């Protein structure tokens, strides 16, 4: 009997769909449209989630699906140092799909990220600057220093720009993301900032290096970048200066060095990496006059030795071993 009833119901529904909807009884039409609406919402959400994961997978052939579209890096993003899955990834919408913005290894005990890693291509670049200084919403406010009301406010008598000697220095520059407002806004988070000498460094040689790296973006392709702040070289005993921010009274150590590791790759028709080239830059944190950033080009191997981080481990081993020994900026640019 139950089977007969079910068959009758199915037959009735099938018959309804052979009749123009406007001729259905009003109560029946309302109930069916409600069911259709509920399923439509569910199917739409599932399709959106599937599309987001597919976009992450398609962004580069070597990438694996992200654990979620909210946080957590994919295990084979080329820019991530070894252990990069322990970092925090910020996401944003670019080109109509959810994509990674950058990943950082943040240490609240020093109010700084040891490294910030990210891809850089033409789609990230634009013009203009919208300043939205803020706490990082994914990190406890108590574990950050305040940057929203100005630089650290540290005064040095007898030097130019005395009232703001240390700037809020970006690790991923806002100009590397000014083609997208959401991505650029995330570069103004406190967790992306460290105290950088403004004159002669942040506003000088470091800014020129950042602009120079943007100029190295391959046409129709991507650079993979890791930017870092180092307080000491591995095994070193360098003195670390401390400042007290006038914005919140927190004590911040000042990095003694800043560095960049940059990668570009070649792929075959199937997307597999066939070759790669790298270059690094290691700068002591001080006031520079007219020194060129090219004077501070080093191998990525050297940066690994000084930091203890393994760069670009997602590369095939033979390619990684070969390319990370390059010390020539000219070779990297022309490659």
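State whether the residues of the range 294-303 include one that is under 23 Å from residue 238 (Cβ atoms) and out of contact with any strand residue (DSSP E or B) (no Cβ under 7 Å at 6 or more places or on another chain). Full working, then the answer.
Filtering the range 294-303 for residues under 23 Å from residue 238 (Cβ atoms) gives 295-303.
From the residues that got through so far, the ones that are out of contact with any strand residue (DSSP E or B) (no Cβ under 7 Å at 6 or more places or on another chain) too are 295, 301.
Yes, the range 294-303 has at least one match.
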Quiz item: What pairs can you find where one residue is in the range 242-259 and on the phi > 0 side of the Ramachandran plot, the other is loosely packed, with under 15 Cβ neighbours inside 10 Å and not in a loop (DSSP other than H, G, I, E, B), and their Cβ atoms are less than 6 Å apart, with a gap of 6+ or different chains?
Solution: none
Exercise. Quickly run through the range 198-220 and pick out the residues that are modelled with pLDDT of 95 or more and more than 19 Å from residue 178 (Cβ to Cβ).
Key: 201, 204, 205
Quiz item: residue 230: under 23 Å from the mean Cα position of the chain (by Cα) and surrounded by 21 or more Cβ atoms within 10 Å (Cβ to Cβ), yes or no?
Solution: yes
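Is it true that residue 283 is touching a helix residue (DSSP H, G or I) at 6+ places or on another chain (Cβ under 6 Å) and touching a residue at least 60 places away in the same chain (Cβ under 8 Å)? Full working, then the answer.
Numbers: touching a helix residue (DSSP H, G or I) at 6+ places or on another chain (Cβ under 6 Å): yes; touching a residue at least 60 places away in the same chain (Cβ under 8 Å): yes.
So residue 283 fits the description; yes.
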Practice problem: Please specify each residue of the range 300-322 satisfying the condition of being touching a helix residue (DSSP H, G or I) at 6+ places or on another chain (Cβ under 9 Å), touching a residue at least 60 places away in the same chain (Cβ under 8 Å) and either assigned to a helix (DSSP H, G or I) or not assigned by TED's automatic domain parsing to the domain that holds residue 195 (or both). | Solution: none
Practice problem: State whether the residues of the range 75-92 include one that is modelled with pLDDT under 95, in a helix (DSSP H, G or I) and surrounded by 14 or more Cβ atoms within 10 Å (Cβ to Cβ). | Solution: yes
Practice problem: Name the residue, out of 106, 102, that is in contact with a strand residue (DSSP E or B) (Cβ under 7 Å, 6 or more places away or on another chain) and either surrounded by fewer than 17 Cβ atoms within 10 Å (Cβ to Cβ) or closer than 17 Å to residue 261 by Cβ (or both). | Solution: 102
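Before we move on, is residue 144 in contact with a strand residue (DSSP E or B) (Cβ under 6 Å, 6 or more places away or on another chain) and in the same structural domain as residue 302 (by TED's automatic domain parsing)?
Judged against the criteria, residue 144 is not a match.
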Quiz item: Can you find even one residue in the range 153-161 that is in a helix (DSSP H, G or I) and surrounded by 15 or more Cβ atoms within 10 Å (Cβ to Cβ)?
Solution: no
Exercise. Within the range 243-256, identify whether any single residue is out of contact with any strand residue (DSSP E or B) (no Cβ under 7 Å at 6 or more places or on another chain), in the same structural domain as residue 141 (by TED's automatic domain parsing), within 23 Å of residue 291 (Cα to Cα) and surrounded by fewer than 17 Cβ atoms within 10 Å (Cβ to Cβ), and answer yes or no.
Key: no
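The values are calculated or read from the model by the stated rules, or taken from the named source; none is laboratory data. Just so it is clear, the model here is predicted, and its values are computed rather than measured. Virtual Cβ from ideal backbone geometry, glycine too; neighbours counted across all protein chains shown.
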